[in-house]
Every structure is written in structure tokens, then in C-alpha cells.
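The values are calculated or read from the model by the stated rules, or taken from the named source; none is laboratory data. The structure presented is a predicted model; accordingly, all values stated were derived computationally and were not measured. Positions of Cβ are backbone-derived with ideal geometry, glycine not excepted, and every protein chain shown enters the neighbour counts.
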Amino acid sequence: MTDVIISTRHLVKIYKMGDLEVHALRGIDMEIRKSDFVAIMGKSGSGKSTFMNIVGCLDVPTRGEYFLDGVDVGKMNKDQLAQLRNNKIGFVFQSFNLLSRTSALENVELPLMYNSKVSSHALREKAMNALESVGLSDRSHHLPSQLSGGEQQRVAIARALVNDPVVILADEPTGNLDTRTSVEVMDIFQQLNKKGITVVIVTHEPDIAAYTNRNVSFRDGRILKDLQVEHPRKASDELLLIPVINEEETI
């Protein structure tokens, strides 16, 4: 058994625009292990988003290999990739991507509806447990419009968790949040990581990357730096120092 969750070998991605070729990735070799908490960083055009799209099975490389939890992703067809995404990966997005006319609980239940291993009886229980893990069990029947931005992102994290994925991929998860709410979200990720969940986030903010235990910087489609963070910032400690801002919520 290996604890490597993500492994890429000589990963290359070239986009063709007419006669022009854009080299988004130029041979990426990376391993991410179980319980890693990794920040993928870089300026616009550095390749970090392309890398995350390939790791999330949303795009395919031009050349190279990608193994997710020991599975050779390059050998899978579209249906197999869709099943792999749903069962192995939890996604968290900057814009939350919640269904507006659907309650928090129903939003969290959605990935389970495509999981044949989960019975209809267990579906609601698993969704409620996921909401409880992010501190929102008392808001389960609220619509997204009745939740603050931070609460919506916590619903999105619960949705990412509900299928017990091997990795959570978060794309700028604090990009639409204020300072305190951003720290609250990073506190949730840190608590999940302490439980053994592998978390990979894309961020352009060094302050957010400082909460992770590994920072990987991209530039021009290559890895510029891959550094361990010896003393990550503790979000739980910082929350004690940041004043609570009362938000007006629609009830």
C-alpha cells in the first residue's frame, strides 16, 4: 500500500489556438501524499489552474501520466472519469456553486445521488453528518440566499466531504470572503486535515497559503518552488484575535 494520493509524471498541457501553441504545463512531476495540506500558487498564466483542472479530472494532459489514488487516470473513458470525480474528489469553488432554490441539506445530498453504494436511507444521514462537521446542522433547511457568504462556503465544503473523497480540491476558496470568514474557512480545512483528509487549494494569497503545510509555486508552466511550511499559521488561534462582524442575514 502507498500513501501517495496524487502523482503526476512529466505532465504537459498544450492549448492550440489556430497556428499558435500555448504551453500551459511544461513537464510537471509532483506527488501529494495522504494528509498533505498543499497550496498551489502562482500568477495568472502560471499553469496552476490548468494543473488543478487535470488533477480534478476536468481536463486531460497533452502528454504525461496522472495517477489518482493509484489509478491511471489516462486509461479511463468519460463515464469512468465522471465516476472517479464523484467518488474520489471533493470540489470547493470560489463562487460556492450552490443551487439557489435548494436547501443547504439538499445541496449537500447532490453528490450522493450519483453514488450507487449509498442507500436512500443513508443519504440524508450522511448529508446531515457532513453539515454537522462544518458547524451548520442548525441551518440545514435554509436556502443559499438565507446564508452568509461564509456559511455558503461551509455548505460547499460539506458537499465536498459527503462522499468521503480521498482529496479535497479548493479553487480560491476564500476569494469572495472577508478576513475573518476566510480564517474561519481555513480553520475548517485545518481541522479536516488533522483528521487525515488531504486538501489541495489554489490561492494567489500568501496569507492563505501560510495556513497550509506545503507551498508549491508555479511559473510559466513549471514548478518554481516546492517548500514545506515548518510552522503553519493556526487559524483557531487567530480567530480569537479577529473581531466578529455582525452580518445582516435574510431569514
Out of everything in the stretch 130-139 that is part of a helix (DSSP H, G or I) and in contact (Cβ under 8 Å) with a residue 24 or more places away in the chain, what residue ends up being farthest from residue 112 (Cα to Cα)? 139
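Which one of these is within 23 Å of residue 140 (Cβ to Cβ) and either among the hydrophobic types (A, V, I, L, M, F, W, C) or touching a Cys at 6+ places or on another chain (Cβ under 8 Å) (or both): 185, 229?
185
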Of the residues that make up the stretch 232-251, is at least one assigned to a strand (DSSP E or B) and either in contact with a Gly (Cβ under 6 Å, 6 or more places away or on another chain) or modelled with pLDDT of 95 or more (or both)? no
Out of everything in the stretch 192-219 that is touching a residue at least 40 places away in the same chain (Cβ under 8 Å) and loosely packed, with under 14 Cβ neighbours inside 10 Å, what residue ends up being nearest to residue 35 (Cα to Cα)? 196
Search result, residues across the stretch 1-53 that are part of a loop (DSSP other than H, G, I, E, B) and more than 24 Å from residue 72 (Cβ to Cβ): 18, 19, 42, 43, 44, 45, 46
Based on what the data block shows, is residue 90 farther than 28 Å from residue 143 by Cβ and not hydroxyl-bearing (Ser, Thr, Tyr)? no
Looking only at the stretch 143-168, which residues are farther than 17 Å from residue 124 by Cα, touching a helix residue (DSSP H, G or I) at 6+ places or on another chain (Cβ under 6 Å), buried (at least 22 other Cβ atoms within 10 Å of the Cβ) and of a type in the set (A, V, I, L, M)? 168
In this structure, is residue 90 within 14 Å of residue 192 (Cβ to Cβ) and either among the hydroxyl-bearing types (Ser, Thr, Tyr) or out of contact with any Phe, Trp or Tyr (no Cβ under 7 Å at 6 or more places or on another chain) (or both)? yes
Checking residue 223 against (1) surrounded by fewer than 22 Cβ atoms within 10 Å (Cβ to Cβ); (2) β-branched (Val, Ile, Thr); (3) in a strand (DSSP E or B); (4) touching a helix residue (DSSP H, G or I) at 6+ places or on another chain (Cβ under 8 Å), which single condition isn't satisfied? (4)
Pull up the stretch 148-186, narrow it to residues that are more than 12 Å from the chain's Cα centre (by Cα) and in a loop (DSSP other than H, G, I, E, B), then point me to the one that is farthest from residue 54 (Cα to Cα). 148
Out of 189, 218, sole residue that is of a type outside the set (A, V, I, L, M), assigned to a helix (DSSP H, G or I) and touching a strand residue (DSSP E or B) at 6+ places or on another chain (Cβ under 7 Å): 189
Scanning for something buried (at least 21 other Cβ atoms within 10 Å of the Cβ), of a type in the set (Val, Ile, Thr) and either touching a residue at least 60 places away in the same chain (Cβ under 8 Å) or assigned to a loop (DSSP other than H, G, I, E, B) (or both), does the stretch 109-126 turn up at least one residue? no
Please determine whether any residue of the stretch 218-227 is more than 18 Å from residue 28 (Cα to Cα), modelled with pLDDT of 95 or more and in contact with a Lys or Arg (Cβ under 8 Å, 6 or more places away or on another chain). no
Which condition from (1) assigned to a helix (DSSP H, G or I); (2) modelled with pLDDT of 95 or more is the one that residue 142 breaks? (1)
Those residues that are at negative phi and under 22 Å from the mean Cα position of the chain (by Cα), I need them from the stretch 124-141; list them, please. 126, 127, 128, 129, 130, 131, 132, 133, 134, 136, 137, 140
